[in-house]
1. If you take all C-alpha pairs in segment 121-172, what percent of them are over 13 Å apart?
2. Can you tell me the equivalent ellipsoid semi-axes for the chain? Use √(5λ) from the Cα gyration tensor, largest first, whole Å.
3. Which order do Thr206, Thr239, Thr247 take when ranked by solvent-accessible area (1.4 Å probe, heavy atoms of all protein chains), largest first?
4. Restricting to the chain, what percent of DSSP beta bridges are antiparallel, rounded to 5?
5. Could you tell me the relative contact order of segment 41-183? Use alpha-carbon pairs under 8 Å, at least six residues apart, and round to a whole percent.
6. What's the angle, to the nearest 10 degrees (0 to 90), between helix 213-227's Cα axis and the longest principal axis of the chain?
7. Report Rg(Cα)/(2.2 N^0.38 Å) for segment 211-346, keeping two decimals.
8. Based on DSSP, what percent of beta bridges with both residues in segment 204-350 are antiparallel, to the nearest 5?
Amino acid sequence: MRTSNMFVRSLGVFVPDIVSVEQAAREGRYPAEEVERFQQIGAAVAGDMPAPEMARRAVLDAYDRWGESSPRDLDLLLYPSVWHQGPNGWQPQHYLQMHLLGGDVPAFEIRSGCVGMISSLQLAASYLQADQGRDTAMVVSADNHGTPLVDRWRMTPGAVMGDAACALILGKEYGMAELLSVNVTTIPEADAVNDGAYPLFPPDATVGRGLSFGDRHEEFRQRLLKERGTGIHLTIQKTMMQQVEQTLEEAGIGPDDLGRVAFPHGRREDLDGQMSWLGIELEQTTWDYGRRVGHCGAVDQFIAFEHLVATGGLLPGDHLLMVGFGSGTSVAAAVFRVLATAPRTREALA
């Protein structure tokens, strides 16, 4: 989807302190033999801070650092989430309405896995484009994986799970970056990639069944081998390539125009094929940042975006491509052009 006159007005983050992989290995929580092999450095660990409180802090950061007016001026709030947010029967966006927004802002939780921020960005842009009177939307996501049903150090072979929050303010008139294009699609035949062949009812969390992506991916692979072969993996890769090509074309750029590419934070080896196809080097990806904080649910590419802007890794005029994968299976892509790396007024950007 080509997005006209859609701007990232601000990015706010909350990334808690890092616990190193070496410390986790010394304590027997991370396989010592995998430290050198996978080159992960650490994971952001939020302790007992609830995910919605992390989200609240990211929202405040977004407003504080770029001089925005007030959260109560929003026309829409979307809260994508991956892991459990609070009590059963309770929704996290209402926490933000209670503590920041008030009740006049339409607010919804979005459940689309690790592509949640990108898919919500597409929804938010569509919502604003549909009505000239709607000017500003926020997409905010947070996850704390430190619960009994997840072992953050062993959940996915070669990667670790982190905790973080990010808030993005999207508007029509000015901003730190322009959203040029965003697309999300689903591959229904890969629906079972993370179900572990468990029954849909009762749900895992209600019976205390833990989540290991490594175990579930292996179960899915073995199931495919027995039933119809592993061609679905080729379908996923082909769909991802088509998604990226479409998004770049809509943005009016090619791979050679990319300054950086933000991938989900995961295993180093998973990047090789993507880098080769796009013709980019490891230094152009967000691998080095991702291995320091872990895979943080739906916010990986966005906290990396903020980190690049804050540290000079992206400069005005640079293009950033985001690539996303979500269980289900969903694939996503978005392209941004950086306009400013320090707060600027509407008049200065006019």
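1. 67 percent
2. Gyration-tensor ellipsoid for the chain: 30, 24, 21 Å.
3. Putting Thr206, Thr239, Thr247 in descending order of accessible area: Thr206, Thr239, Thr247.
4. Restricted to the chain, the bridges split so that about 75 percent are antiparallel.
5. 33 percent
6. Helix 213-227 and the main axis of the chain meet at about 70 degrees.
7. Dividing the Cα radius of gyration by 2.2 N^0.38 Å gives 1.15.
8. Working: 8 of 13 bridges.
About 60 percent, rounded to the nearest 5.
The values are calculated or read from the model by the stated rules, or taken from the named source; none is laboratory data. Not measured: the values here are computed from a predicted model. Remember, those area values only see protein heavy atoms, side chains included, never the ligands or the DNA or RNA. Shrake-Rupley method; radii C 1.70, N 1.55, O 1.52, S 1.80 Å.
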